[in-house]
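To start, the structure itself, in structure tokens.
The values are calculated or read from the model by the stated rules, or taken from the named source; none is laboratory data. Bear in mind that the values here come from a model prediction, so they are computed numbers and not experimental data. No Cβ is skipped: glycine too gets one built from the backbone with ideal geometry, and neighbour counts run over all protein chains shown. When the accessible area is computed, the model is the full protein with side chains, heavy atoms only, and any ligands, DNA or RNA have been set aside. Shrake-Rupley method; radii C 1.70, N 1.55, O 1.52, S 1.80 Å.
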Amino acid sequence: MLTGSDAFVNHFLSVVNYRYSAIYGPTLTDQYVQWWTDRAAGKRLSPDFTCLLLRICAYSVQYLTPALRKMIEFELACDSQALTDRFATAAEQLSQSFEASNTTIERVQEQFLKGAWLKSESKIVESWHALGCTIREAQELGMS
């Protein structure tokens, strides 16, 4: 049985990720399976990956097919705009708790998806600022 997050992650990997190819699907899938395994075992969850997962969900909701949108809105009793906003707000709250000295690839990815999400929300200036943060985070990892 698929969970709501499964539907969002699957939609992201099969449709949305192709917009920018920001995330390598097999790695994300492995991390996602591990995240659920850790959650089921009551282990501490990676905040970086949890934040990335929230960004993936927020961004995926913006590009739902009509059929998937109808199903999600019915099952969650929430319209898609409110849902994408909730995911984005939760991701932002979690992201603000991260220390600048602990950069990870997941943080770079979630910052990129934040910028992409903001762009899709027509928040262009905010999107540019998020992309600037993404570049700085990537430089911290030596990715430039």
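With each run of n ≥ 4 DSSP H residues scored as -39500 (n - 2.57), what mean residue ellipticity at 222 nm is computed for the chain after dividing by its residue count and rounding to the nearest 500 deg cm²/dmol?
-23000 deg cm²/dmol
Please calculate how many Å² of accessible area region 7-144 carries per residue, with a 1.4 Å probe and no DNA, RNA or ligand atoms counted.
56 Å²
How large a share of the accessible area of the chain, in percent, is made up of carbon and sulfur atoms when the probe is 1.4 Å and the other protein chains stay in place? Show your work: numbers first, answer last.
Details: 4770 of 8270 Å².
Percent of accessible area from carbon and sulfur atoms in the chain: 58.
Less than 18 Å apart at the alpha-carbon level, and either on another chain or at least 8 residues along: which lysines does that give for LYS43?
By straight Cα distance, LYS43 reaches no lysines at all.
Sorting TYR63, TYR32, TYR24 by accessible area (1.4 Å probe), largest first, what list results?
On the way: TYR63 65, TYR32 20, TYR24 150 Å².
Accessible-area ranking of TYR63, TYR32, TYR24, largest first: TYR24, TYR63, TYR32.
Under a straight-distance cross-link criterion of Cα-Cα below 15 Å, which aspartates and glutamates are reachable from LYS114, leaving out those fewer than 8 residues away in the same chain?
The qualifying aspartates and glutamates are ASP48, ASP85, GLU92, GLU106, GLU126, GLU137.
Using only the heavy atoms of the protein chains and a 1.4 Å probe, how would ASP85, ASP30, ASP79 rank by accessible area, largest first?
ASP30, ASP79, ASP85
Would you work out which of ASN10, LEU52, ALA67 lies farthest towards the positive end of the dipole of the chain? Charges go on Cβ: Lys and Arg +1, Asp and Glu -1.
My answer, from the dipole projection, is ALA67.
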